1. Enumerate the calculated ³J(HN,Hα) couplings along region 178-191 in order (Karplus 6.51 cos²θ - 1.76 cosθ + 1.60, θ = phi - 60°), each rounded to whole Hz, writing x wherever the residue is Gly or Pro.
2. Given labels modelled 7 Å from the Cα in the Cβ direction, how far is it in nm from A111 to R4?
3. Fewest first, what order do C280, C89 take by the number of other Cβ atoms within 10 Å?
4. Which shape class, rounded, prolate or oblate, goes with the chain when its Cα gyration tensor gives a ≥ b ≥ c as root eigenvalues, a/c under 1.5 marks rounded, and past that a/b bigger than b/c marks prolate?
5. Among A253, A33, A128, determine the one that fluctuates most according to a GNM of the chain built with springs between C-alpha atoms less than 10 Å apart.
6. Checking the a/c ratio against 1.5 first, then a/b against b/c, what shape does the Cα gyration tensor give for region 1-151?
7. Between E88 and E248, what is the label-point separation in nm under the 7 Å Cα-to-beta-carbon projection?
8. Per residue of region 211-216, what does 6.51 cos²θ - 1.76 cosθ + 1.60 with θ = phi - 60° give for ³J(HN,Hα)? Whole Hz please, x for Gly and Pro, Karplus curve as stated.
Amino acid sequence: MAIRTPICDLLGIEHPIVLGGMMGISDGRLTAAVSAAGALGTLSTATFGAEGTRSEIEKIRSLTDKPYSLNLPIFHPMVPELVNILPECGVKIVTTSAGNPAKFTPALKDAGIIVLHVVSSLRTAIKAASCGVDAVVVEGVESGGKVSREDVPTISLIPQVADAIDIPIIGAGGLADGRGLLAVLALGAQGAQLGTRFLATDESPAHDNWKQVLINAGDADTAIACRQSSPTRMIRNAFFNEMDALDEPGKNAMDFMAIQGEGMARIPGDTDGSKGNYICGTGAGLIRAVKPAGEVVREIMQEAESELARVNAIVA
């Protein structure tokens with residue numbers, strides 16, 4: 001039983017799967033691989049800056065003619081420049097995050113660009129819908145990296161948002177396989193965004209040590225550091241403890257950039273996974289192997305379709 005939802009028609013994609021815009025990971029090669037497989041790849045512009053983003057867009061276009069998205073973190077100072085150059089670069093879809101969607105949505109919509117916005121609470125979802133975005137990515141606290149202070153899990157956040165707004169929802173947070181896709185569809189979403197699962201792919205620029213940490217991860221191996229200042233989900237190890245010890249009210253994400261950079265620099269020499277900064281979501285516990293991104297997309301869809309048939313058989 002093939003799974004296709006209205007979000008596929010909105011975005012021009014075959015499968016209701018979206019690559020999360022992971023800083024330092026979602027580059028042109030990975031984005032193109034996900035898009036070429038029929039899902040929606042997402043380029044992390046914060047990784048490259050304005051001119052670097054131009055180059056990565058050209059790389060994507062040289063590898064596939066399928067739709068892709070650009071992630072724009074609203075707080076970032078380069079975003080106004082990017083918004084101005086997107087039409088000339090041929091960008092058709094943008095995913096905004098980390099800020100007030102009212103700031104750039106009108107300009108993006110005037111340029112004919114489809115706008116998705118990442119939200120982590122019912123309040124921010126309602127705000128985004130009122131700003132005219134085309135869809136929201138509803139991300140629970142299970143996601144990797146910076147997470148919401150609201151601490152709401154995916155399974156309860158999606159249906160609350162679905163009850164309150166009438167634009168499409170893409171579920172995110174802790175998803176890594178076809179069962180997760182099917183689950184968020186049942187909760188009221190039209191698709192799923194996955195980050196961590198695509199981190200462990202052949203096309204991902206993550207170091208092999210990082211990918212191995214994900215393969216080794218169990219159900220309880222991630223945790224949230226710096227809850228008082230800049231909540232961040234990552235693998236619980238010695239680096240986690242080092243960063244968490246610096247937590248105190250009044251600090252923000254920028255206060256941890258230097259130490260997180262140090263943790264990233266340790267990864268190539270961290271053969272046992274104890275000393276590096278391994279950002280990931282709870283879905284890491286479901287990763288068993290590094291595979292090509294296109295194969296991951298196909299396996300997610302096959303599993304979702306198989307599980308849907310199984311559920312139908314159970315309730316029939």
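A short reminder: the numbers here are calculations on the coordinates, not readings from a lab. Given the structure is predicted, the values throughout are model-derived calculations rather than measurements. Cβ coordinates were reconstructed from backbone atoms using ideal geometry, including for glycine residues, and neighbour counts include every protein chain displayed.
1. x, 5, x, 4, 4, 4, 5, 5, 5, 7, x, 8, 10, x
2. 3.0 nm
3. Ordered from fewest to most neighbouring Cβ atoms within 10 Å, C280, C89 come out as C89, C280.
4. The shape class here is rounded.
5. A253
6. Here region 1-151 falls in the rounded category.
7. 4.7 nm
8. Karplus values, whole Hz, x for Gly and Pro: 4, 5, 4, 5, 4, 7.
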